[in-house]
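Scroll down for the structure; my scribbles are underneath it.
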Amino acid sequence: MTPPAQTAAIELRLRDSAQLFNTLDPFPFRERDLSAEAEQFIVEWADELPKDQPIEIVIHLQSDGDERGAPSDLESAITGWFRAKEKAETRAIRELFRDGRLAFLIGFAVLSVCLFLSWTLTQRFEGPFVRVLQESFVIIGWVVIWRPAEMFLYDWLPLLRRRKLYARLASATVTIRQTAPGATPAGH
């Protein structure tokens with residue numbers, strides 16, 4: 001029997017829930033965009049948490065009786081935002097590989113032409129200038145194929161890492177703790 005997983009907590013202290021959201025967003029509470037500052041704070045904190053623990057987002061909210069949206073609305077707004085970000089990263093990965101395939105086809109065609117030109121020069125001509133041209137074609141061909149190789153080998157890794165982080169945040173438990181106005185939680 002395995003012990004229950006301990007959660008890693010991200011804590012936010014707010015006067016009201018509106019601080020979490022973009023003030024220019026006209027959508028209903030549940031569908032609003034997180035503010036850039038709130039998103040950055042949550043994402044940076046989550047990135048530092050252990051990867052093997054589920055995340056809990058704890059919002060300490062001053063209770064003044066004039067709160068917009070129920071706690072369940074707040075939870076669905078936050079997790080929904082990160083679910084949308086996860087989907088956006090999935091699309092970005094798919095687009096990167098699609099662009100990579102096209103770039104690879106172009107790069108492979110250019111590499112083939114360059115290698116053919118290099119080989120043709122060595123078959124028909126001699127001399128130091130021809131040798132420089134031959135090597136130039138080889139170098140140009142490999143430089144053209146470099147970017148597609150980089151896309152397939154390295155560029156997708158940060159996107160995948162971000163997508164996993166957003167997935168963890170989308171499945172996070174959101175807990176709302178009401179505090180009295182002006183009260184400071186113990187230990188802070």
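None of the figures in this text is laboratory data; all of them are computed from the coordinates on show. Everything quoted here is computed from the prediction, not taken from an experiment. Counting neighbours? That spans all protein chains shown, and the Cβs are built from the backbone with ideal geometry, glycine included.
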- Item | Per-residue HN-Hα couplings for segment 150-159 [Karplus 6.51, -1.76, 1.60; θ = phi - 60°; Hz; x = Gly/Pro] | 4, 4, 6, 8, 10, 5, 7, 4, x, 5
- Message: If you take every residue apart from L165 with its C-beta less than 14 Å away from the C-beta of L165, what net charge results, scoring Lys and Arg +1 and Asp and Glu -1?
- Response: +2
- Message: Please report, in whole Å³, the volume per residue of the convex hull around the C-alpha atoms of segment 8-179.
- Response: 144
- Return, for the Cα atoms of segment 69-159, the radius of gyration and Dmax in Å, separated by a comma. 23.1, 81
- Task: Run the numbers on segment 8-179 and let me know its relative contact order in percent, using alpha-carbon pairs under 8 Å that are six or more apart.
- Result: 35
- Rounding to the nearest 20 debye, state how big the charge dipole of segment 8-179 is about its Cα centre with +1 on each Lys and Arg Cβ and -1 on each Asp and Glu Cβ. 840
- Message: Test of understanding: extend the Cα→C-beta vector of K51 to 7 Å, then name every residue of segment 136-161 with backbone N under 14 Å from that spot.
- Response: 157-161
- Item | 3J(HN,Hα) from dihedral phi, segment 93-101, Karplus parametrisation 6.51/-1.76/1.60, rounded to Hz, x for glycine, proline | 5, 4, 5, 4, 5, 5, 5, x, 5
- For R177, enumerate residues with amide H under 5 Å from its amide H, sequence gap 5+ or separate chain, H modeled in the peptide plane. I59, H60, L61
- Calculated FRET value between A109 and V138, using beta carbons and R₀ = 22 Å, to 0.05: 0.90
- Message: If I take R0 = 41 Å and measure r between the Cβ atoms of R161 and F116 in this structure, what FRET efficiency does the formula 1/(1 + (r/R0)^6) give, to the nearest 0.05?
- Response: 0.55
